[in-house]
1. Would you be able to tell me the number of residues in segment 1-42 that are within 14 Å of the ligand (Cβ to nearest atom) and assigned to a strand (DSSP E or B)?
2. Can you run down the residue pairs with Cβ atoms below 6 Å, 6 or more apart or on separate chains, where the first is in segment 89-101 and within 14 Å of residue 2 (Cα to Cα) and the partner is of a type in the set (A, V, I, L, M, F, W, C) and assigned to a loop (DSSP other than H, G, I, E, B)?
3. Restricting attention to segment 50-67, and to residues there that are surrounded by fewer than 16 Cβ atoms within 10 Å (Cβ to Cβ) and in a loop (DSSP other than H, G, I, E, B), which single residue is modelled with the lowest pLDDT?
4. Out of everything in segment 153-174 that is surrounded by fewer than 15 Cβ atoms within 10 Å (Cβ to Cβ) and either within 16 Å of the chain's Cα centre (by Cα) or over 19 Å from residue 5 (Cα atoms) (or both), what residue ends up being modelled with the lowest pLDDT?
5. Can you list the helices (runs of 4 or more DSSP H) found entirely within segment 108-218 that contain at least 2 residues being farther than 30 Å from residue 33 by Cα?
6. Looking only at residues that are without any contact (Cβ under 8 Å) to a residue 24 or more places away in the chain and among the aliphatic types (A, V, I, L, M) in segment 156-184, which one is nearest to residue 85 (Cα to Cα)?
Amino acid sequence: MATLIAYFGGSFDPVHQGHLATATELLTTLSLAKLFFLPAALSPLKTQSLASQHRIAMLKLAIQDVSSFFLDERECQRPHPSYTIETLRSLRAEYGTAQPLAFIMGMDSFIHLPKWRNWQQLTDFAHLIIVSRPDYDPDLSTELQEWLNNRRCNDRQLLECHPHGFVYFVTTHPHAVSSTDIRARIALGQNTHASLPPLVAAYIQQHHLYGATATNES
Ligand code: ATP
């Protein structure tokens, strides 16, 4: 029986097909028991972010048909800013010491890990699952590489047998879409049809988010 529970952190500003396709693929390839989307209140590394109630509303619309997808709103309910180490600490306290937990992030986020608060302690609370993104095969800093050497694992089973402690890299099918690109396209009135779930596109239109106007096709 699947035991690994994973949390997919991000701004989700807005959630898009790249997030959803990646999450769907991870459910299967990693045999996840559950996958929680974990929207950040306001990323300490990003200056602008849409009000969390809109990002949460779009996430709810995007995941409503997948029974293994859940939403965790704790970071949006916390005073700014939200630090992942605090989230993982609180999750570990809730689940207890034995439950295997993982935090999912893209490779583009992982290369900046040394900027995160108490980043070296993240694996004291959960495994890290690092997802490849198209055209992204960066050199890691020496500091990050050295930290990784003691934690990297290639055996998926280890993620289920241990509650935390490992870093696992997974290559998923590429989806060359980003929230930044989607926001720019919406502001220009361009079509974002292929990049957004239809209900999310409709929500953006209805609430005139990201500069959407009635004439946008998305
Ligand atoms: P932005 O363009 O605003 O930086 P984003 O599209 O990267 O946004 P985030 O909400 O910042 O989306 O991403 C949340 C997590 O999802 C990050 O770890 C990011 O690496 C990952 N991610 C985002 N887009 C993709 C994608 N197309 N394929 C795989 N992972 C993705």
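1. The qualifying residues number 10.
2. Listed by first residue and then by second, the contacts come to 100/4; 101/126.
3. Once the filter is applied, the top-ranked residue is 51.
4. Looking at residues that are surrounded by fewer than 15 Cβ atoms within 10 Å (Cβ to Cβ) and either within 16 Å of the chain's Cα centre (by Cα) or over 19 Å from residue 5 (Cα atoms) (or both), I get 174.
5. Ranges flagged: 142-149, 179-187, 198-206.
6. Among them, the one singled out is 158.
Residues checked against (1) in the same structural domain as residue 31 (by TED's automatic domain parsing); (2) surrounded by 20 or more Cβ atoms within 10 Å (Cβ to Cβ); (3) within 14 Å of the ligand (Cβ to nearest atom); (4) free of Cβ contacts under 8 Å to residues at least 24 places away in the same chain:
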{"position": "120", "(1), (2), (3), (4)": "yes, no, no, no"}
{"position": "132", "(1), (2), (3), (4)": "yes, no, yes, no"}
{"position": "139", "(1), (2), (3), (4)": "yes, no, no, yes"}
{"position": "186", "(1), (2), (3), (4)": "no, yes, yes, no"}
{"position": "192", "(1), (2), (3), (4)": "no, yes, yes, no"}
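This table checks each residue for (1) within 15 Å of residue 102 (Cβ to Cβ); (2) not hydrophobic (A, V, I, L, M, F, W, C).
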| position | (1), (2) |
| --- | --- |
| 137 | no, yes |
| 144 | no, no |
| 148 | no, no |
| 167 | yes, no |
| 199 | no, no |
| 213 | no, yes |
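The values are calculated or read from the model by the stated rules, or taken from the named source; none is laboratory data. What you see is a predicted model; the values in this text were computed from it and never measured. Here Cβ is always computed from backbone atoms with ideal geometry, including for glycine, and neighbour counts include all displayed protein chains.
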